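Report on one structure; see the data block that follows.
The values are calculated or read from the model by the stated rules, or taken from the named source; none is laboratory data. Keep in mind that what you see is a predicted model, and the values were worked out from it rather than measured. As a convention, Cβ positions derive from the backbone with ideal geometry for all residues, glycine included, and neighbour counts pool all protein chains shown.
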Amino acid sequence: MTNTTEALIDALAAAGVRLDAYVREEREIGDFQFALLDTIALADEQQLRLPKALLSDVRAEFEHRMYFRPESNMRGLVDETLRRVEQRADG
């Protein structure tokens, strides 16, 4: 059975995000949260125009299912990266 985070990574890859060795390794060891974060970063680096509906699902996963240390700036960094990807979205 595929979890929601893993399914989103698959959907992002199907939409054109070229996954790298880090994401593949993270998935292999079951670290799907980091794999999704890295996939979002790759989408930004690759300057892709992804479907708005897919990015809406990614945003919901990020906001409702991912946890960060309270003192970490990671949430803000991911939000900023995801916002850049959303600005280029199609549809």
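Run VAL85 past the list (1) crowded, with 16+ Cβ neighbours inside 10 Å; (2) within 14 Å of THR5 (Cβ to Cβ); (3) of a type in the set (A, V, I, L, M) and report the number of the one that doesn't hold.
That leaves (2) as the condition not met.
Starting from segment 73-91, keep only residues that are in contact (Cβ under 8 Å) with a residue 60 or more places away in the chain and on the phi > 0 side of the Ramachandran plot, then list their pairs with residues that are among the small types (Gly, Ala, Ser) and assigned to a loop (DSSP other than H, G, I, E, B) whose Cβ atoms are within a distance under 6 Å, requiring at least 6 positions of separation or different chains.
Short answer, once both residue conditions are applied: none.
Hey, can you tell me all the residues within segment 53-73 that are farther than 16 Å from THR5 by Cβ and either of a type in the set (Ser, Thr, Tyr) or part of a helix (DSSP H, G or I) (or both)?
ALA53, SER72
Within segment 41-68, take every residue that is within 11 Å of LEU8 (Cβ to Cβ) and charged (D, E, K, R) and give me the one that is modelled with the lowest pLDDT.
Restricting to residues being within 11 Å of LEU8 (Cβ to Cβ) and charged (D, E, K, R), the top hit is ARG65.
Which residue pairs have Cβ atoms under 6 Å apart, sit 6 or more places apart or on different chains, and have a first residue in segment 14-31 that is modelled with pLDDT of 95 or more and a second that is part of a loop (DSSP other than H, G, I, E, B)?
If the second residue must be part of a loop (DSSP other than H, G, I, E, B), the pairs left are ALA15/LEU50; GLY16/LEU48.
Might you let me know whether segment 62-79 holds any residue that is among the small types (Gly, Ala, Ser) and touching a Leu at 6+ places or on another chain (Cβ under 9 Å)?
no
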